[in-house]
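The values are calculated or read from the model by the stated rules, or taken from the named source; none is laboratory data. As the structure is a computational prediction, the values presented were derived from the model and not from experiment. Neighbour counts run over all protein chains shown; Cβ positions are idealised from the backbone, glycine included. Heads up: the accessible areas ignore ligands, DNA and RNA and are worked out on the full protein's heavy atoms, side chains in. Shrake-Rupley method; radii C 1.70, N 1.55, O 1.52, S 1.80 Å.
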Amino acid sequence: MPAFSRPLADCPDAALRPVAGVLTDIDDTLTHEGAIEPEALQALADLRAAGLPVIAITGRPMGWSEPFARDWPIDAIVAENGAVALFMEGGHLRTEYAQDEGTRAHNAQRLAAAAQRVLREVPGATLARDSAGRVTDIAIDHSEFVHLSAGRIDAVVAIMREQGMNATVSSIHVNGWFGSHDKRSGAQWIVQRLLGREVEAERGRWVYVGDSTNDQLMFEHYPLSVGVANLMRFAEQLTVWPAWITQAERGRGFAELTERLLAARCAVR
């Protein structure tokens, strides 16, 4: 383990006690093989009971995210890497977008063309099975249901960037989109929208939890960043590490963090 990514068990209560909220990835951070782990679901409920807001920020599509935004004890899901926010309001699911309707319509044609180029030029490349639910990006499956070699993943990323797209690699997909939004801007947007707070002014009091190379932007930005233990699978690809890392993997790692957060808050009562 790199010296600059320390075991979460060593994190002092004084660093965790002021935490104002939790931002988290979903795939392989809360879930295992696509399903939320029971420990993670209970941890979300425990955080809500303690009054700590939880916002999930994911590369998954709007359509995939809808039932979880309704059913999980979280404040919101920001899907498609900062492009779409889903949250409950007045007993109904509300959906809002980072881009206006005209921009989304224009980009839809460009996304389709980029997807066709990837499928044509990269042997074995396939669209992610959740693509029907996507409205602002494309996703190429590299590990969820098919396997792409590292070289072919790099080729997908290169094509997306040649097309003028942002491109990131998660634990399961390569995501590409047009626009300036990303996970960081999505967090800023939704915290202001729902809570009326400037997350940038208090980013030292927000935890970000992730598991993959596409979490590096958030690991770098949030001082209280935490990787669940399965992040170590990407050790050779990482250039930015979280401040802390859990002992347990995936949803159990998220639960480990939750236990530490709540214990630190209780220590002063």
**Item:** FRET efficiency estimate (nearest 0.05) - Cβ-Cβ, Glu198 to Val240, R0 30 angstrom
**Value:** 0.80
**Complete:** Of all DSSP beta bridges with both partners in the chain, the antiparallel percent, nearest 5, is 55 percent
**Request:** Note the per residue figure in Å³ for the convex hull of the C-alpha positions in the stretch 1-82.
**Result:** 128 Å³
**Complete:** On the formula 1/(1 + (r/R0)^6), with r taken between the Cβ atoms of Cys266 and Arg129 and R0 of 41 Å, the FRET efficiency rounded to 0.05 is 0.45
**Message:** Need one number: nm distance between label points at Thr103 and Glu220, each 7 Å from Cα along Cα→Cβ, rounded to one decimal.
**Reply:** 2.2 nm
**Prompt:** In nanometres, what is the gap between the two model label sites at Glu89 and Arg17, each 7 Å from Cα along Cα-to-Cβ?
**Reply:** 3.7 nm
**Request:** Taking only protein heavy atoms into account and a 1.4 Å probe, give the accessible area per residue of the stretch 142-201 in Å².
**Result:** 45 Å²
**Prompt:** Based solely on its DSSP helices, what 222 nm [θ] is calculated for the chain when runs of n ≥ 4 H residues each add -39,500 (n - 2.57) and the sum is averaged over all residues, nearest 500 deg cm²/dmol?
**Reply:** -11000 deg cm²/dmol
**Message:** Using a 10 angstrom Cβ neighbour count of at most 15 plus a DSSP loop assignment to flag exposed GluC sites (Glu not before Pro), which longest range of the chain is free of such sites?
**Reply:** 34-197
**Asked** Solvent-accessible area per residue for the stretch 16-89 at a 1.4 Å probe radius, Å²?
**Response** 30 Å²
**Asked** How much of the accessible area of the stretch 1-130, in percent, comes from carbon and sulfur atoms when a 1.4 Å probe is used?
**Response** 51 percent
**Prompt:** Over what distance in Å are the Cα centres of the stretch 122-142 and the stretch 168-238 separated?
**Reply:** 21 Å
**Complete:** Interchain or sequence-distant (5+) residues whose placed amide H lies within less than 5 Å of the amide H of Val135 are Met62
**Rg to Rh quotient for the stretch 61-165, alpha carbon positions, Kirkwood Rh** = 1.02
**Item:** Where Rh is the Kirkwood radius over Cα pairs, Rg/Rh for the stretch 78-131
**Value:** 1.11
**Value of relative contact order over the chain, rounded to a whole percent, pairs C-alpha under 8 Å and six or more apart** = 25 percent
**Request:** Would you calculate the volume per residue, in Å³, of the smallest convex hull containing every Cα atom of the chain?
**Result:** 121 Å³
**Complete:** Taking chymotrypsin sites (Phe, Trp or Tyr not before Pro) as exposed when in a DSSP loop with at most 11 other Cβ atoms inside 10 Å, the chain has its longest clean stretch at 5-144
**Fill in**
FRET efficiency for Ala112 and Asp154 from the Cβ-Cβ distance with R0 = 25 Å, rounded to 0.05, comes out at 0.65
